[in-house]
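Undergrad: Okay, handing you the structure first.
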Amino acid sequence: MQEQLALHQESIYRKVTWRIMPLLLVCYIVAYLDRVNVGFAKLQMMQALGFSDVVYGLGAGIFFIGYFIFEVPSNIILHKVGARLWIGRIMISWGFLSAGMMLVSNETAFYIMRFLLGVAEAGFFPGIILYLTYWYPSQRRGRMTAMFMTGIPLAGVVGGPLSGYIMKSFDGISALAGWQWMFLLEGVPAILLGLIVILKMDDRISAATWLTEEERQLLEKNIAEDAEEKQDHSVLHVLTSGRVWLMAFIYFSFVMGLYGVSFWLPTIIKAMGVADPLEIGLLSAIPYGAATIAMLLIAKNADRLRERRWHVAIPAVVGAIGLLLSAHWADNTLLAMSALTLATACIITTLPLFWSLPTAFLAGTGAAAGIAMINSLGNLAGFASPYAVGWLKQASGTTSSGMMLLATSLILGAILTISVPAKLVNK
């Protein structure tokens, strides 16, 4: 009897997953591509507009200042008005702004557009993490978060070759540079997906007409039982909680590594002696392909064992080693790419598993505020990381010092993760 019930539940959750996850995944692929495609634009944009590495690093990172300012209010609004309208609004607005990056002609415009893009996208990622808590209990959420966050490596797998192809093949058409065409063509899908979200997404289990009444009751019962183990605190309590701040510091450490690689990977590959934009794009897809496989396998194992901390900390340490080896082997393309592939796969693997930590003890409005706060503070590393790597590269003439900084940050994040009590998060 117990086995039949388990199989019945698996069937229902499979139905839910096939309904909601493909759209969320495609949205995140487009979102992440629009966030980091400036790394490919840099290959042509810097010379065309006369930008230095510091200007590029500051512009790439200033996105996260706008993101930081509006993240918490955006997620609270989503919790109140529903994911369908708010996620759709976010995607449409950032799509127009991402396409508008083609009009950048000087440093000031570059900074302003990147800032506005961060404002527009604020709330998307933590909104989806919150949305998953409406559908999946804690013991299932690690795999679902990992599935959603495969959007990061898949954006690299698809986006690298796509961006390289557009920049190479469209350069000069209608008097526009390749990087301008790239921003335009990669911004349009976000607008179209925003409209699809508004038309197709269901805010809650209770609104899902494609489920039977029995299925809705079973899913809502599981969510209610999961919520009984958590406390719904006020927004003020969450924003002043030591646990939440610890989570923010851990996430900051991992995001340092993520965006250090994301924004600078095309430049690192170019420094290995690869000049063609399309070849750079194809090579950049290799680390992200490995990351897609690694994050799904490790997340599945973490859910099976109901162990979170070591599944986060070990990949972070291995990712740090990979970064250091990539710097050490910078003169050998094969070895450096192997090390970068290891580093990228491990760094990206830490992220979905990290989110199983705070969502194990946050609930309700407190979860909306806490998830947004952790994400916004953590993503300040998206400002600090590319700027620091750019400054170190310009000061030292090599990316090695930047890789050492990122490796140190990842190891610190691993240490902080192990400091979290196991009974708090291993559910």
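Undergrad: Among the numbered criteria (1) at pLDDT 85 or above; (2) more than 28 Å from residue 218 (Cα to Cα), which single criterion is violated by residue 23?
TA: Checking residue 23 against (1) at pLDDT 85 or above; (2) more than 28 Å from residue 218 (Cα to Cα), the one that fails is (2).
Undergrad: Just to be sure, is residue 148 surrounded by fewer than 21 Cβ atoms within 10 Å (Cβ to Cβ) and of a type in the set (Phe, Trp, Tyr)? Reasoning before the result, please.
TA: On the way: surrounded by fewer than 21 Cβ atoms within 10 Å (Cβ to Cβ): no; of a type in the set (Phe, Trp, Tyr): yes.
No.
Undergrad: For residues in the range 142-171 being more than 30 Å from residue 305 (Cβ to Cβ) and among the charged types (D, E, K, R), which is nearest to the chain's Cα centre (by Cα)? Give the derivation first.
TA: Going residue by residue through the range 142-171, those that are more than 30 Å from residue 305 (Cβ to Cβ) are 158-171.
So of that shortlist, the ones also among the charged types (D, E, K, R) come out as 168, 171.
Working: 168: 27, 171: 29 Å.
Only one residue tops the list, namely 168.
Undergrad: Using beta carbons and a limit of 9 Å, which pairs, at least six apart or on different chains, have the first residue in the range 145-168 and in contact (Cβ under 8 Å) with a residue 24 or more places away in the chain and outside any helix (DSSP H, G or I) and the second one crowded, with 24+ Cβ neighbours inside 10 Å and not aliphatic (A, V, I, L, M)?
TA: 150/352
Undergrad: Now, a different point. Against the definition (small (Gly, Ala, Ser), part of a helix (DSSP H, G or I) and within 15 Å of residue 260 (Cα to Cα)), how does residue 338 come out, yes or no? Don't jump to the end; show me each part of the working.
TA: Details: small (Gly, Ala, Ser): yes; part of a helix (DSSP H, G or I): yes; within 15 Å of residue 260 (Cα to Cα): no.
No; evaluated as a whole, the condition is false for this residue.
Undergrad: Inspect all residues belonging to the range 169-182 and state whether any of them is β-branched (Val, Ile, Thr) and touching a residue at least 40 places away in the same chain (Cβ under 8 Å).
TA: At the first step, the residues of the range 169-182 found to be β-branched (Val, Ile, Thr) are 173.
In the following step, the residues that additionally are touching a residue at least 40 places away in the same chain (Cβ under 8 Å) were identified as none.
The answer is no; no qualifying residue exists.
Undergrad: Quick one: in the range 289-344, of everything that is farther than 14 Å from residue 142 by Cβ and polar (S, T, N, Q), which residue is modelled with the lowest pLDDT?
TA: So the residue we want is 333.
Undergrad: Okay, moving on. Collect the residues in the range 299-322 that are without any contact (Cβ under 8 Å) to a residue 60 or more places away in the chain, farther than 17 Å from residue 407 by Cα and among the aliphatic types (A, V, I, L, M), keeping them in residue-number order. Give the steps one after another, and end with the answer.
TA: Going through the range 299-322, the residues without any contact (Cβ under 8 Å) to a residue 60 or more places away in the chain turn out to be 301, 304-305, 311, 315, 318, 322.
Keeping just the survivors that are farther than 17 Å from residue 407 by Cα gives 301, 304-305, 311.
Within the range 299-322, 305 is the sole residue that qualifies.
Undergrad: Which count do you get for residues in the range 374-388 that are aliphatic (A, V, I, L, M), crowded, with 24+ Cβ neighbours inside 10 Å and more than 20 Å from residue 42 (Cβ to Cβ)? Before the answer, list the steps.
TA: First, pick out the residues of the range 374-388 that are aliphatic (A, V, I, L, M): 374, 377, 380-381, 384, 388.
After this cut, where a residue has to be crowded, with 24+ Cβ neighbours inside 10 Å as well, the list is 374, 381.
The next check asks that each one be more than 20 Å from residue 42 (Cβ to Cβ); those that pass are 374.
The number of residues fulfilling the criteria is 1.
Undergrad: Hey, another quick one. Do we have residue 353 as of a type in the set (A, V, I, L, M) and surrounded by fewer than 20 Cβ atoms within 10 Å (Cβ to Cβ) here? Step through it out loud before you land on a result.
TA: Numbers: of a type in the set (A, V, I, L, M): yes; surrounded by fewer than 20 Cβ atoms within 10 Å (Cβ to Cβ): no.
For residue 353, the condition - of a type in the set (A, V, I, L, M) and surrounded by fewer than 20 Cβ atoms within 10 Å (Cβ to Cβ) - is not met.
Undergrad: Restricting attention to the range 204-219, which residues are of a type in the set (D, E, K, R), closer than 26 Å to residue 75 by Cβ and buried (at least 17 other Cβ atoms within 10 Å of the Cβ)? Walk me through how you get there before you give the answer.
TA: Residues of the range 204-219 of a type in the set (D, E, K, R): 204, 213-216.
Now restrict to residues that are closer than 26 Å to residue 75 by Cβ: 204, 216.
Correct list: 216 only.
Undergrad: Here's another thing I want to ask about it. Does the range 181-195 contain any residue that is among the aliphatic types (A, V, I, L, M), farther than 23 Å from residue 291 by Cβ and not in a helix (DSSP H, G or I)?
TA: Looking for residues that are among the aliphatic types (A, V, I, L, M), farther than 23 Å from residue 291 by Cβ and not in a helix (DSSP H, G or I), one finds none in the range 181-195, hence no.
Undergrad: Please name all residue pairs, on different chains or six or more residues apart, with Cβ atoms under 8 Å, provided the first residue is in the range 328-340 and is farther than 15 Å from residue 403 by Cα and the second residue is part of a helix (DSSP H, G or I).
TA: 335/325
Undergrad: Testing residue 61 on (1) assigned to a helix (DSSP H, G or I); (2) under 24 Å from residue 402 (Cβ atoms); (3) without any contact (Cβ under 8 Å) to a residue 60 or more places away in the chain, one condition comes back false. Which one is that?
TA: All conditions pass for residue 61, except number (3).
Undergrad: Is there a residue being part of a helix (DSSP H, G or I) and surrounded by fewer than 18 Cβ atoms within 10 Å (Cβ to Cβ) anywhere in the range 249-264? Can you show your working first?
TA: Residues of the range 249-264 that are part of a helix (DSSP H, G or I), as a first pass: 249-264.
Restricting the remaining residues to those that are surrounded by fewer than 18 Cβ atoms within 10 Å (Cβ to Cβ) gives 249.
Looking through the range 249-264, at least one residue is part of a helix (DSSP H, G or I) and surrounded by fewer than 18 Cβ atoms within 10 Å (Cβ to Cβ).
Undergrad: Now for a separate question. Output yes when any residue across the range 363-384 is touching a strand residue (DSSP E or B) at 6+ places or on another chain (Cβ under 8 Å) and either under 20 Å from residue 321 (Cα atoms) or in a loop (DSSP other than H, G, I, E, B) (or both), and no when none is. Even if it seems obvious, please write down each step before you answer.
TA: Applying the first criterion (touching a strand residue (DSSP E or B) at 6+ places or on another chain (Cβ under 8 Å)) to the range 363-384 yields 363, 366, 370-371.
Next, from what is left, pick out any that are either under 20 Å from residue 321 (Cα atoms) or in a loop (DSSP other than H, G, I, E, B) (or both): 363.
Checked the range 363-384: at least one residue is touching a strand residue (DSSP E or B) at 6+ places or on another chain (Cβ under 8 Å) and either under 20 Å from residue 321 (Cα atoms) or in a loop (DSSP other than H, G, I, E, B) (or both).
Undergrad: Taking the criterion of being closer than 18 Å to residue 379 by Cβ, within 18 Å of the chain's Cα centre (by Cα) and part of a helix (DSSP H, G or I), would at least one residue in the range 80-90 satisfy it?
TA: So in the range 80-90, the residues closer than 18 Å to residue 379 by Cβ come out as 87, 90.
Now restrict to residues that are within 18 Å of the chain's Cα centre (by Cα): 87, 90.
Adding the requirement that they be part of a helix (DSSP H, G or I) leaves 87, 90.
Scanning the range 80-90, I find at least one residue that is closer than 18 Å to residue 379 by Cβ, within 18 Å of the chain's Cα centre (by Cα) and part of a helix (DSSP H, G or I), so the answer is yes.
Undergrad: Right, here's the next one. Which condition breaks for residue 330 when tested against (1) more than 17 Å from the chain's Cα centre (by Cα); (2) assigned to a helix (DSSP H, G or I)?
TA: (2)
Undergrad: When you look at residue 201, is it surrounded by fewer than 24 Cβ atoms within 10 Å (Cβ to Cβ), at pLDDT 90 or above and in contact with a helix residue (DSSP H, G or I) (Cβ under 7 Å, 6 or more places away or on another chain), yes or no?
TA: Numbers: surrounded by fewer than 24 Cβ atoms within 10 Å (Cβ to Cβ): yes; at pLDDT 90 or above: yes; in contact with a helix residue (DSSP H, G or I) (Cβ under 7 Å, 6 or more places away or on another chain): yes.
Yes; evaluated as a whole, the condition is true for this residue.
Undergrad: Here's something else I'd like to know. Can we say residue 48 is closer than 30 Å to residue 270 by Cβ, over 23 Å from the mean Cα position of the chain (by Cα) and in a helix (DSSP H, G or I)?
TA: Details: closer than 30 Å to residue 270 by Cβ: yes; over 23 Å from the mean Cα position of the chain (by Cα): yes; in a helix (DSSP H, G or I): yes.
Criteria met by residue 48.
The values are calculated or read from the model by the stated rules, or taken from the named source; none is laboratory data. This is a predicted model, so every value here is computed, not measured. Every residue, glycine among them, receives a Cβ derived from its backbone with ideal geometry; neighbour counts consider all protein chains shown.
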